[in-house]
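The values are calculated or read from the model by the stated rules, or taken from the named source; none is laboratory data. Just so you know, these numbers come straight off a predicted model, no measurement behind them. Cβ placement follows ideal geometry from the backbone for every residue including glycine, while neighbour counts extend to all protein chains displayed. Ligands, DNA and RNA are stripped out before the accessible areas are found, and what is left, the full protein with its side chains, is counted by its heavy atoms. Shrake-Rupley method; radii C 1.70, N 1.55, O 1.52, S 1.80 Å.
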Amino acid sequence: MISNRDRSSLASSWWTGPAWIGIIAGAGLFRLAYLGEPMRTDEATTFLFLQDRSLLEILSVYSPNNHLLHSFLVKLSTSIWGPGEWTVRLPAFLAGWALIPSLGYIGRRILGPNQGLLTAAMAGCTAWLTAYSTDARGYSLAVLLLMWAFYHTWRGVEENRRGGFFLAGILAGLAVASVLSQLYALAGLVLATALVRGRIKERAGRFLLISAGAAIGGVWYLPALLKGGLGPIISNEHTVAAGLLPAAKSAAFQIPEVFGYAWPLYGNGFAVLGLTLLAGLVILWRGLNRSFIFVVFLGVWSFAAEVLQGVRAPARTFMYLIPLIHFLWIGAIFRLWKRTDPSPTLAWAALLALVGCGGYLTSQGRIDGPGQGGLVQAQEVAAQLVDKYHLDKTDRVLADVPDEAPLAYYLTRAGLGQGLILRRGELAGDRIYIVETKTNSLARLALSWPEITGQPPKLISRKNGYRIWLLEPSRELDPARPTG
């Protein structure tokens, strides 16, 4: 005989199963809608860096934009399927999509079935996570790996599984191989395992296991270390040295910024921070456990480490906090509700929320996370230059940051290569096409290429967002003459 409780459980499973499928499929379709967006500056730079380099050469040359493990996967993807937008973004897309069922599973194991369901739905339609799921950088891959590292750390502590710490270290090391700045998360993870209660010998064992795993996961940096030493790796131009007090002031604004990006829509950071503090008070009132202490510790540690270093790191450095913030919110909701059995109503409410939020964001058009950008019409400009003005390899294109990398990407796809883009101060070519945008006016371009003011260029195309000028150097302007 099946009891009423068993019947209720079976009914709940019947309802929640399709909801899970809908949430995972909906999150994938939501991200798929942005997979073919115009190429942005940083991801175009990644693609151009990979050209004409072997896999070993990619790992041997470190730069802040070369996210080693992710670059390796992009090279494989574009080598197999060609240099389309979707192939360049495929590793980030798959990692960002895999994050949704991963968070659902982890939330289910740590918090409960309803909590896992809601966490997956919330992450599925969060704009910032979506933006980086369709941006060819290593961040979505790093967040996916770190979530599993956090989970295996939790299992190691709760279930006394020593192998869990070693596996967590490997996963966190791979996250660092995806984006170097995830060292913040790795250091917090190592410190947290050492601080958990236990005998000195037990703590030392955890520390050694997770550290050994991290060394194995981070072996991707070995070719770069052997070739260039530690200098290029530790001198990150995007982590600005500021000093203790300026870094503290910067963090005071950065904290609400990061919390604001945890909201499904781009929201008010201070309001979301207030909501998170309220959730923390609810959990404190209802009783803390080690899972929530761990989440709070990692959040506090991340910003404290940044301040103590005296640096200003980009907000995307702390993307791994977004799912942890979601866990905190949902944990607080269920501390008040006190319900753990799967609810069909809740399952479908989560699915409808994802569909509604995803539909709204999709209707807004392009999603841009912080740090992304460049000439949105780069593909259109490149097509004009090639098809209408018959650009060839004797011509040159003058464009400045952040517009030049997307243009070079589309010109490379057209078979002309990235060598057509002029370097600053260099003026050469039979015909020079100047691309003016809102970011880089003609007057601003003239600061880096002053020679273009000596012979006024001719305006040949004007469209919303950009202009194309043609400069044909006269005999008085010798292209071979050094330009300083």
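List of remarks:
- Among the residues of the range 49-58, the ones that are open to solvent by 20 Å² or more (accessible area, probe 1.4 Å) and in a helix (DSSP H, G or I) come to 4 in all.
- Answer from 204, 252, 212 - the residue that is within 25 Å of residue 71 (Cα to Cα) and either of a type outside the set (Ser, Thr, Tyr) or free of Cβ contacts under 8 Å to residues at least 60 places away in the same chain (or both): 212
- Residue in the range 232-239 that is part of a helix (DSSP H, G or I), touching a residue at least 24 places away in the same chain (Cβ under 8 Å) and in contact with a Gly (Cβ under 9 Å, 6 or more places away or on another chain) present: no
- Here residue 287 fulfils each of the conditions (1) open to solvent by 90 Å² or more (accessible area, probe 1.4 Å); (2) modelled with pLDDT under 80; (3) over 25 Å from the mean Cα position of the chain (by Cα) apart from (1).
This table checks each residue for (1) touching a Gly at 6+ places or on another chain (Cβ under 7 Å); (2) buried (at least 24 other Cβ atoms within 10 Å of the Cβ); (3) outside any loop (DSSP other than H, G, I, E, B).
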{"site": "141", "(1), (2), (3)": "no, yes, yes"}
{"site": "146", "(1), (2), (3)": "no, yes, yes"}
{"site": "157", "(1), (2), (3)": "no, no, yes"}
{"site": "167", "(1), (2), (3)": "yes, no, yes"}
{"site": "170", "(1), (2), (3)": "yes, no, yes"}
{"site": "197", "(1), (2), (3)": "no, no, no"}
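- Condition check for residue 409 on (1) within 21 Å of residue 452 (Cβ to Cβ); (2) open to solvent by less than 10 Å² (accessible area, probe 1.4 Å); (3) in contact (Cβ under 8 Å) with a residue 60 or more places away in the chain: one failure, at (1).
- Residues (farther than 13 Å from residue 132 by Cβ and aromatic (Phe, Trp, Tyr)) located in the range 81-112: 81, 86, 105
- Residue pairs whose Cβ atoms lie under 9 Å apart, sitting 6 or more positions apart in sequence or on different chains, and linking a residue in the range 33-61 that is farther than 17 Å from residue 233 by Cβ and without any contact (Cβ under 8 Å) to a residue 60 or more places away in the chain to a partner that is among the charged types (D, E, K, R) and in a helix (DSSP H, G or I), are 36/85; 36/89; 50/75; 53/75; 54/75; 55/75.
- Set 258, 300, 296, 282: member being assigned to a helix (DSSP H, G or I), open to solvent by less than 30 Å² (accessible area, probe 1.4 Å) and over 25 Å from residue 64 (Cβ atoms): 282
- Positions within the range 122-132 being open to solvent by less than 10 Å² (accessible area, probe 1.4 Å) and in a helix (DSSP H, G or I), in sequence order: 123, 124, 127, 128, 129, 130, 131, 132
- The residue that is nearest to residue 394 (Cα to Cα), counting only those in the range 423-460 that are open to solvent by less than 10 Å² (accessible area, probe 1.4 Å) and modelled with pLDDT of 90 or more, is 432.
- Failed criterion for residue 135 (all others in (1) open to solvent by less than 30 Å² (accessible area, probe 1.4 Å); (2) in a helix (DSSP H, G or I) hold): (2)
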